[in-house]
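What follows is a single structure, written as structure tokens, with notes after it.
The values are calculated or read from the model by the stated rules, or taken from the named source; none is laboratory data. Worth saying up front: this structure is predicted, and the values here are computed from it rather than measured. As a convention, Cβ positions derive from the backbone with ideal geometry for all residues, glycine included, and neighbour counts pool all protein chains shown. To get the accessible areas, we keep the full protein, side chains included, count just its heavy atoms, and leave off ligands, DNA and RNA. Shrake-Rupley method; radii C 1.70, N 1.55, O 1.52, S 1.80 Å.
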Amino acid sequence: AGVLLMERAGIDDRRPRWPWVAGVAVLGLSLVVKHILVVLPLWLALRQPSLPRAAVVLFVPPAILAASFLPWAADGGAGIVANVVEYRSFDNAPFLTWIMPPIVARLITPTMLLGAALLAVGWLVRHRPPAELLLVYTVTVVVFAPAIANQYLAIPAAATAALPNLGYAAYAVVTGLFLAADPSNLDLAWLADALPGNLVRRETDDLAWGHLVALLALGLAITLVETVRSRFAAQEHRP
């Protein structure tokens, strides 16, 4: 809702600003509900036409998130730091562990990779509309996530539908098969027996997530190539 309001307002300062202000506030409230989008304000700030507007987008939503902890900070500050700021999941990092060369995994941490990827991808797609930025952001977060669990696989579902390409289509199909066969989901034994062993996680531990992330990464790469090509094409047609 926040990014749609910002998209409705556009980036022209001459337009009424209330949808844009409302969008920034709603984005902040969304971070209170689930802070997976905590870096999205940076992406949105990169496309703002002025430094003051970029500063508002960059700092107000995270400030709303931080303010939501204040009522409990006095007695629960240590718990907030331990369970929110310093929270870590499985640390299986499929992209870094199974896709990138081993030497890279020895030189950087999964969090460093995620941070670098968010900066790089955010810069490449900064000219796209806010709603599309949100979609690409969800894909980027999952591809380079320091940890993957089954529920993470649903996060880029909207992006795979709204920005279709070969990589996203393959990801959607193969992920559906994986979740249907996985013991912690539908646990369809007949399907698990029919699928290759590298898609049945109980046989290959976490390797299936590596394959799924690779397909999602292919879709992201196609999206980025299309974005850069369209940007160059638009520049060439300018008078």
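Can we say VAL174 is over 19 Å from the mean Cα position of the chain (by Cα), among the β-branched types (Val, Ile, Thr) and more than 26 Å from GLY10 (Cβ to Cβ)? Don't jump to the end; show me each part of the working.
Values: over 19 Å from the mean Cα position of the chain (by Cα): yes; among the β-branched types (Val, Ile, Thr): yes; more than 26 Å from GLY10 (Cβ to Cβ): yes.
Yes.
Looking at region 17-29, is at least one residue within 28 Å of GLN151 (Cα to Cα), under 16 Å from the mean Cα position of the chain (by Cα) and of a type in the set (A, V, I, L, M)? Yes: region 17-29 contains one or more residues that are within 28 Å of GLN151 (Cα to Cα), under 16 Å from the mean Cα position of the chain (by Cα) and of a type in the set (A, V, I, L, M).
Just to be sure, is GLN151 out of contact with any strand residue (DSSP E or B) (no Cβ under 6 Å at 6 or more places or on another chain), within 24 Å of TRP98 (Cβ to Cβ), open to solvent by 70 Å² or more (accessible area, probe 1.4 Å) and part of a helix (DSSP H, G or I)? Let's see the steps before the verdict.
Values: out of contact with any strand residue (DSSP E or B) (no Cβ under 6 Å at 6 or more places or on another chain): yes; within 24 Å of TRP98 (Cβ to Cβ): yes; open to solvent by 70 Å² or more (accessible area, probe 1.4 Å): yes; part of a helix (DSSP H, G or I): yes.
Criteria met by GLN151.
Residue count for region 43-66 satisfying the condition of being open to solvent by 50 Å² or more (accessible area, probe 1.4 Å) and part of a helix (DSSP H, G or I): 9. When residues in region 96-117 are screened for being under 21 Å from LEU207 (Cβ atoms) and among the aliphatic types (A, V, I, L, M), 8 of them pass.
In region 67-86, the residue that is most open to solvent (accessible area, probe 1.4 Å) out of those that are under 16 Å from LEU31 (Cα atoms) and assigned to a loop (DSSP other than H, G, I, E, B) is PHE69.
For region 81-130, the set of residues classified as acidic (Asp, Glu) and out of contact with any helix residue (DSSP H, G or I) (no Cβ under 7 Å at 6 or more places or on another chain) consists of GLU86 only.
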